[in-house]
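Undergrad: Structure incoming, see below.
A short reminder: the numbers here are calculations on the coordinates, not readings from a lab. The shown structure was predicted, so the numbers you read here are calculated from the model rather than taken from an experiment. All Cβ positions, even for glycine, are placed from backbone atoms using ideal geometry, and neighbour counts span all protein chains on display.
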Amino acid sequence: MDFAKMREEAIRRLMAAGVIKSGAVAKAMLKVPREEFIPPEYRSHAYVDTPIPIGHGQTTSALHMTAWLIEAARLKLGDKVLEVGGGCGYMAAVYAEVVAPEGFEVRGHVYTVEIVRELARMAEENLKRLGYADRVTVIHGDGSLGYEPAKPYDAIIVTAASPDIPDPLVEQLKPGGRLVIPVGSPGFYQDLVLVEKDFDGKVTFRSLGGCVFVPLRGRYGFPERVWRRDW
Ligand code: SAH
């Protein structure tokens, strides 16, 4: 299978449809081999624009969702990014290609927190094998609490549906920072909410539209009886 060609065609289609608007996002998505992050049985579907199962009942988001999150969070060269929900590591690699592409002196960094130990290990292995170890740090833990040691962040992207906006995430944003988070019921549509902290520390909230994500767990997520249910 010619994955490079499939990748190029998929990204070109998303650009033509106006889904990918930014050149930096297109360039980043053209670089990252999604087929290398997902389980072998789904590899032939790597460039279908749909969520793909990654094991443990979780999925990596569709290509258009990855692009949308990055554009909504306005990631740019040099940003320090926190991802809540590392999954297989694919999306973190795409963020890294935006904030810390090779050949630039300014280097951002991505911290990605994953609550399922086996997935955190898989993300770490994938990212290391594909040359992202210096730009992406994987943490096994509860990302609904954010990640204190590396705060504050230019951008925080949550890739699981949250019942509300966790206070620690807002607190860990830099002035001028952006938080993008799906808020709403699990197993149904959620609102993708953009939270912005301005330079005076004032926080504003704006809904960007509907989306569907797996439920957030942990301290600020849904209780176990909710996320264990087979949605
Ligand atoms: N960005 C991922 C998509 C992962 S799907 C990728 O590129 O593959 C959402 C992930 O969030 C799942 O792997 C799930 O285990 C994880 N998750 C759910 N609650 C979490 C929490 N409180 N902290 C960290 N990760 C969490």
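Undergrad: List the pair-distance distribution P(r) of region 130-203, using every Cα-Cα distance, as the percent of pairs falling in each 5 Å bin from 0 up to the bin containing the longest distance, rounded to whole percents.
TA: The percentages, shortest bin first, are 3, 15, 24, 22, 18, 11, 5, 1.
Undergrad: Counting each DSSP H run of 4 or more residues in the chain as -39500 (n - 2.57), what helix-only mean residue ellipticity at 222 nm follows after dividing by all residues, to the nearest 500 deg cm²/dmol?
TA: Calculated mean residue ellipticity at 222 nm is -8000 deg cm²/dmol.
Undergrad: Quick check on the exposure proxy: order THR66, THR50 from fewest to most C-beta atoms within 10 angstrom.
TA: THR50, THR66
Undergrad: For region 176-231, what is the convex hull volume of its Cα atoms per residue in Å³?
TA: Looking at region 176-231, the number lands at 75 Å³ per residue.
Undergrad: While we're here: Under a no-solvent Debye model with one identical scatterer per Cα of region 101-231, what's log10 I(q)/I(0) at q = 0.09, 0.10, 0.14 Å⁻¹?
TA: Treating every Cα as an identical point scatterer, log10 I(q)/I(0) equals -0.28, -0.35, -0.69.
Undergrad: Continuing with the same structure: Is the shape of region 1-127 best called rounded, prolate or oblate, per the rule: a/c under 1.5 gives rounded, else a/b larger than b/c gives prolate, else oblate, with a ≥ b ≥ c the square roots of the Cα gyration tensor eigenvalues?
TA: oblate
Undergrad: I would also like to ask the following. Relative to the compact globular guide of 2.2 N^0.38 Å, what is the alpha carbon radius of gyration of the chain, as a ratio?
TA: Relative to the rule-of-thumb radius for its length, the chain sits at 0.94.
Undergrad: For region 53-107, what mean projected area does the convex hull of the alpha carbons give, in nm²?
TA: 3.9
Undergrad: May I ask you to sort VAL25, VAL110, VAL183 by Cβ crowding, counting other Cβ atoms within 10 Å and putting the fewest first?
TA: Lowest count first: VAL183, VAL25, VAL110.
Undergrad: Give me TRP68, TRP227 ranked fewest to most by other Cβ atoms within 10 Å of their Cβ, as a rough exposure proxy.
TA: TRP227, TRP68
Undergrad: From zero up to wherever the largest Cα-Cα distance of region 1-59 sits, split into 10 Å bins and tell me the percent of pairs in each.
TA: All Cα pairs, binned at 10 Å, distribute as 22, 51, 25, 2 percent.
Undergrad: With a ≥ b ≥ c the root eigenvalues of the C-alpha gyration tensor of region 77-146, is it rounded (a/c under 1.5), prolate (a/b larger than b/c) or oblate?
TA: Judged from the Cα gyration tensor, region 77-146 comes out oblate (a/c at least 1.5, b/c at or above a/b).
Undergrad: Moving to a separate point now. Any chance you could check the Cα centroid distance between region 113-145 and region 1-64 for me, in angstrom?
TA: Cα centroid of region 113-145 versus Cα centroid of region 1-64: 19 Å apart.
Undergrad: Please state the relative contact order of region 115-231 as a whole percent: Cα pairs under 8 Å, 6+ residues apart?
TA: 23
Undergrad: Could I ask something else about it? Between their Cα atoms, which of LYS27/LYS151; LYS27/LYS197; LYS27/LYS202; LYS31/LYS80; LYS27/LYS174 are more than 31 Å away from each other?
TA: Result: LYS27/LYS202 exceed 31 Å.
Undergrad: Another question, if that's okay. Of all the Cα-Cα pairs you can form in region 28-86, what percent are over 20 Å apart?
TA: The answer is 29 percent, as a whole percent.
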